[in-house]
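Novice: Quick one: this structure, given as structure tokens, is what I'll be asking you about.
The values are calculated or read from the model by the stated rules, or taken from the named source; none is laboratory data. A quick note: this is a predicted structure, and the numbers were derived from the prediction, not measured. Backbone-built Cβ (ideal geometry, glycine too); neighbour counts: all protein chains shown. We work out accessible area using only protein heavy atoms, side chains counted, and drop any ligands, DNA or RNA first. Shrake-Rupley method; radii C 1.70, N 1.55, O 1.52, S 1.80 Å.
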Amino acid sequence: MSEETISHEGVVTRITDDILEIKILAQSACAACHAKGACGMGEQAEKILTVPKPEGRAFQLLQKVNVVMAINQGNKAAVLAYLIPIVLLLAVLFTCLGVGLGDGLSALIGIAALIPYYIVLYTQRDKLKKKFEYRIE
């Protein structure tokens, strides 16, 4: 059985030696798509993706292409972007409330606890880009 994928049609907007920039427009079909939560296209009307340029294929500006990403990669991205931060925020918030800090201070500490998490994500962005690659179909 082949790996399930999320696919979007896009237009090539920039070409370099090793990457393509592709503009994707969210379509009305995104609202009914079962994978919209993992994909993230449902919230935006337009998105620019950087995709590795396949070897041995020529591309032109404004050429239509299909961009594909494995659903499991989309799910991993959703966990890193949404699930882990909310769990971290709630854990710190309830811990602070449990030791008797006030609501406002607990909320601020909970939000501040997200800063190191996002700094780590930012410093690991090159490694993460390798794990979450789009490809041209």
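Novice: Could you give the nm distance between label points at ASP126 and TYR82, where each point is 7 Å from its Cα heading toward the beta carbon?
Specialist: 3.0 nm
Novice: Can I ask one more? In what sequence, largest accessible area first, do TYR117, TYR122 appear using a 1.4 Å probe? Spell out each step's value before the answer.
Specialist: Numbers: TYR117 40, TYR122 145 Å².
Correct descending sequence by accessible area is TYR122, TYR117.
Novice: Continuing with the same structure: With every protein chain kept in the model, how would you rank TYR118, TYR134, TYR82 by accessible area, 1.4 Å probe, largest at the top?
Specialist: Reading off the accessible areas and sorting them downward yields TYR82, TYR118, TYR134.
Novice: Extending each Cα 7 Å along its Cβ direction at ILE19 and LEU62, get the distance between those two points in nm, one decimal.
Specialist: Inter-label distance under the simple model: 2.4 nm.
Novice: Same structure, new question: What percentage of the solvent-accessible surface of the stretch 74-137, computed with a 1.4 Å probe over protein heavy atoms, is contributed by carbon and sulfur atoms?
Specialist: Numbers: 3280 of 4570 Å².
Carbon and sulfur: 72 percent of the exposed surface of the stretch 74-137.
Novice: List the equivalent ellipsoid semi-axes of the stretch 70-137 in whole Å, largest first, each obtained as the square root of 5λ for an eigenvalue λ of the Cα gyration tensor.
Specialist: On the way: eigenvalues 206, 30, 9 Å².
Values for the stretch 70-137, descending: 32, 12, 7 Å.
Novice: Let me ask something additional. Using amide H atoms built 1.01 Å from N in the peptide plane, name the residues 5+ places from LEU20, or on other chains, whose amide H lies under 5 Å from its own.
Specialist: For LEU20, whose amide H was placed from the backbone, the distant partners under 5 Å are VAL51, LYS53.
Novice: Might you tell me the accessible area per residue for the stretch 66-137, computed with a 1.4 Å probe and given in Å²? List each step's numbers first, then the result.
Specialist: Details: 4810 Å² over 72 residues.
Each residue of the stretch 66-137 exposes 67 Å² on average to a 1.4 Å probe.
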